[in-house]
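Below is one structure; the comments refer to it alone.
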């Protein structure tokens, strides 16, 4: 997926011809498409690969670039950010030979066309840069796609601009060497096709490999709605079109599309399936349902959002997802987060990983959503606040808890119908503040109590060049007497809020004041009870010793 100007053109084309392929050839380069980025072939054993990486010119370049970019006050210290230049969609998250691999749309400085950037991790948190993985040619650019890990290889499927659906394979320990199947598009672009050729998703069922290609189809009044088009193959080379894959989809908005699809089993024994995807109109989304393998159809029974508004500015963008090898029936997903302020030399970041599991009785929240990975390894300088009352209509500043790179874990007991605020990145006079509002019994009603959580960044910055985002506001199902549990991650220019393990809201923020480090609580109307609050300062993932501007316990 991704150059936004190309996406805008894609939307115009789809509005005219909803099942025709997007004619990217008309906007792509002609002739020789060889990348100008240095390209290396690596050995095929882990020990030899590690030795080769020590002296690799790209790796040395990445290290120097990271040092330079680390001086930016808004660059996160424990979220993954690519080592040089800008990034867009994450791609092909997968688990291979005991390690996690993250790919992403990268824009190398000497050739600004999309390549697949690459990082590896043992724990989903400590990422190590690797050289660019997939380079354009014969395609003009390497857009979004997925990776499917088999026992003896990993298969990547992605959109090749000006060519069509590309498939590449790798089987070395660090997935450094990739070979493109057939050397050309396996599902080529064309005119007057009954399907779109765009972001693909690949998996295997029985004797067939399957690919979904994203797009739209006519909906109410002829307006476009999302669609996914199914293809299958036995050898990854020759593909036959089957049909439109989604059935009974009533959970999107008119105008949504199904870009960046990821289709995986979820729930006990994989009895359900989830289709994660991105809408160029309304951001990250998902559909839940049943995979009818006899008819090769996905019958939708539920759906929801990963962001609550448009994808920009400052919002959640596209997913990259894969089954969790450590938790049966779980899916791990990450997103890129869009910017809201110009930052020199870089822009987007990757969210913390989230573990999704199925909630069979969930109505508005059919998924459990929890942070994943070894977060605990980053914690330092712990502060714990014990139980205390939060008086009505007074803002209580937590003097011992300050910083802009923190993890907070709070348990609060509000009364029915009450609004409770946990405020972060607060300046001493409250001029700048990012508000986390929880309104009890104010959400959609279904069998008991409900809650609305809102991440309000409308006062997060006083800077004139920051594009402020409307509040991220989401429904959370809570039992009538269930305490509110907020798990908050702050990392310089991002805030992520997990609520009772059932919902997550996130946004980019850019406090201008150096002293916007405070944390406070407020209960509106009636007093609330803070059961506990734990705070940690987080370590610098990249080893530059930056830390938060002021960690917990440092006033």
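Every number here is computed from the coordinates shown, using simple stated rules; none is lab data. What you are looking at is a predicted structure, and each value in this text was computed from that prediction instead of being measured. Neighbour counts are summed over all protein chains in view; Cβ atoms, including those assigned to glycine, are modelled from backbone coordinates with ideal geometry.
Overview of values
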{"read-out": "Ordering of 52-61, 397-406 by burial proxy (mean other Cβ atoms within 10 Å per residue, highest first)", "value": "397-406, 52-61"}
{"read-out": "Spin-label model distance (nm) - residue 299 vs residue 387, 7 Å beyond Cα toward Cβ", "value": "4.9 nm"}
{"read-out": "Relative contact order of the chain, defined on C-alpha pairs under 8 angstrom at six or more residues apart (%)", "value": "13 percent"}
{"read-out": "Förster radius 30 Å - calculated FRET efficiency between residue 54 and residue 32, Cβ distance, rounded to 0.05", "value": "0.40"}
{"read-out": "Difference of contour (0.36 nm per residue) and Cα-Cα distance, residue 73 to residue 526", "value": "159.3 nm"}
{"read-out": "Using alpha-carbon coordinates, inclination of helix 4-16 to the longest axis of the chain, degrees", "value": "70 degrees"}
{"read-out": "Label-point separation, residue 376 to residue 411 (7 Å along Cα→Cβ), nm", "value": "1.7 nm"}
{"read-out": "Whole-angstrom gap from the range 224-264 to the range 390-440, using each part's C-alpha centre", "value": "43 Å"}
{"read-out": "For the range 119-267: relative contact order, % (alpha-carbon pairs under 8 angstrom, 6 or more apart)", "value": "16 percent"}
{"read-out": "Theoretical gain in end-to-end length, residue 515 to residue 208 [0.36 nm per residue, Cα-Cα removed]", "value": "104.7 nm"}
{"read-out": "Overall form of the range 83-162 per C-alpha gyration tensor (a/c, 1.5; a/b vs b/c)", "value": "oblate"}
{"read-out": "Projected label distance in nm at residue 467 and residue 191, using a 7 Å step from Cα toward the beta-carbon", "value": "3.5 nm"}
{"read-out": "Sum of -39500 (n - 2.57) over DSSP H runs of 4+, divided by residues of the chain (222 nm, nearest 500)", "value": "-2000 deg cm²/dmol"}
{"read-out": "Theoretical FRET efficiency, 1/(1+(r/R0)^6), r = Cβ-Cβ of residue 442 and residue 361, R0 30 Å, to 0.05", "value": "0.90"}
{"read-out": "Helix 57-69 axis, angle to the chain major axis (alpha carbon atoms, nearest 10°)", "value": "30 degrees"}
{"read-out": "Relative contact order %, the range 379-538, counting alpha carbon pairs below 8 Å whose residues are six or more apart", "value": "43 percent"}
{"read-out": "Net length gained if the chain between residue 268 and residue 540 were fully extended (0.36 nm per residue, minus Cα distance)", "value": "94.3 nm"}
{"read-out": "Cα centroid separation - the range 343-357 against the range 182-211, whole Å", "value": "28 Å"}
